[in-house]
Structure formats: C-alpha cells, structure tokens
1. I'd like the full set of residues that are among the hydrophobic types (A, V, I, L, M, F, W, C), touching a residue at least 24 places away in the same chain (Cβ under 8 Å) and more than 15 Å from Ser10 (Cβ to Cβ), limited to the stretch 75-103.
2. For residues that are under 23 Å from Arg6 (Cβ atoms), outside any helix (DSSP H, G or I) and touching a Pro at 6+ places or on another chain (Cβ under 9 Å), tally how many sit in the stretch 44-63.
3. In the stretch 9-65, how many residues are touching a residue at least 24 places away in the same chain (Cβ under 8 Å) and either at positive phi or β-branched (Val, Ile, Thr) (or both)?
4. For the stretch 12-48, name all the residues that are hydroxyl-bearing (Ser, Thr, Tyr), out of contact with any Phe, Trp or Tyr (no Cβ under 9 Å at 6 or more places or on another chain) and under 21 Å from Glu88 (Cα atoms).
5. Given the condition of a type in the set (Gly, Ala, Ser), more than 17 Å from Thr109 (Cβ to Cβ) and touching a helix residue (DSSP H, G or I) at 6+ places or on another chain (Cβ under 8 Å), answer yes or no: does some residue in the stretch 36-53 qualify?
6. Just give me the residues in the stretch 1-48 being more than 11 Å from the chain's Cα centre (by Cα), hydrophobic (A, V, I, L, M, F, W, C) and modelled with pLDDT of 95 or more, in sequence order.
7. Just the residues that are surrounded by 14 or more Cβ atoms within 10 Å (Cβ to Cβ), of a type in the set (A, V, I, L, M, F, W, C) and not in a loop (DSSP other than H, G, I, E, B), please, taken from the stretch 69-98.
Amino acid sequence: MKPIERLTPSFSISGDVWPDDLAAIAAQGYRTIINNRPDGEAANQPTSAAIENAAHKLGLSYRHIPVVPGNFPAAAVVEFAAALSGCEGPVLAFCKTGMRSKNMHALATHAG
C-alpha cells in the first residue's frame, strides 16, 4: 500500500490503491474511496470495477471520477465537490501518485 497523506481531518490522498489494500484502509477509518485514475491508464492497474467491488464488500462507499494528468474538466471538479459534500467521511482519494487527487481537492474546495 502506498503512503497516505492527510490534507484535512476528513480528506487524504494516496498513490495507487489496489483491491487488497482496502481492508487496511478501512481499518484506518476511511469510509469513502474516490478513484481519480482512468481505467487502462497503466497495463497492470486494477479496474475501477474491481476496486469498487472490493470496497463495497467492506462497506466502503466508492466513486470513480477519472481525470488525466494536467486536465481537470469543470464537470469532474463539480462531481468531485459533490462527492465530498455528499459522502460519509473520512475520504481517501487516489490516482497514480496522489497529485491529481490533491489538485482535484484544491479545485473542488475553491469551487465550492
């Protein structure tokens, strides 16, 4: 599992999350997972459906809001902001390195 960086008391980011990481993530108290990676971004990454299935088995909420590096469409930012305001926290958002999730949080926070 990649290191988790807490940005606020209710929001953290991480690099790649795999289905097998979710039990440890849930044990740390996270209740919602936001995946910012598009499916197929890397050949070996798990699909969003696989992560979502594993999350739901553990009672976690899951959102897939994919964005590519350097491109943060307004619709994705609005969806991210809505996910943050309407979900059970704390929230862990992830992408390959965590930077897209960090940027999405900053944009969504300023958009709200």
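The values are calculated or read from the model by the stated rules, or taken from the named source; none is laboratory data. No experiment lies behind these values; they were computed from the predicted model shown. All Cβ positions, even for glycine, are placed from backbone atoms using ideal geometry, and neighbour counts span all protein chains on display.
1. Result: Ala76, Val77, Val78, Phe94, Cys95, Met99.
2. Residues flagged as under 23 Å from Arg6 (Cβ atoms), outside any helix (DSSP H, G or I) and touching a Pro at 6+ places or on another chain (Cβ under 9 Å) within the stretch 44-63 amount to 0.
3. Residues in the stretch 9-65 being touching a residue at least 24 places away in the same chain (Cβ under 8 Å) and either at positive phi or β-branched (Val, Ile, Thr) (or both): 10 in total.
4. Matches in the stretch 12-48: Tyr30 only.
5. Yes - at least one qualifying residue is present in the stretch 36-53.
6. Listed by number, the residues that qualify are Ile4, Leu7, Trp18, Leu22, Ala23, Ala24, Ile25, Ala26, Ala27.
7. Correct list: Ala76, Val77, Val78, Phe80, Ala81, Ala82, Ala83, Leu84, Val91, Leu92, Ala93, Phe94.
For (1) under 15 Å from Ser101 (Cβ atoms); (2) surrounded by fewer than 14 Cβ atoms within 10 Å (Cβ to Cβ); (3) not charged (D, E, K, R), each residue gets a yes or a no:
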residue	(1), (2), (3)
Ser14	yes, no, yes
Pro19	no, no, yes
Ala24	no, yes, yes
Arg31	no, no, no
Ile34	yes, no, yes
Gly40	no, yes, yes
Asn44	no, yes, yes
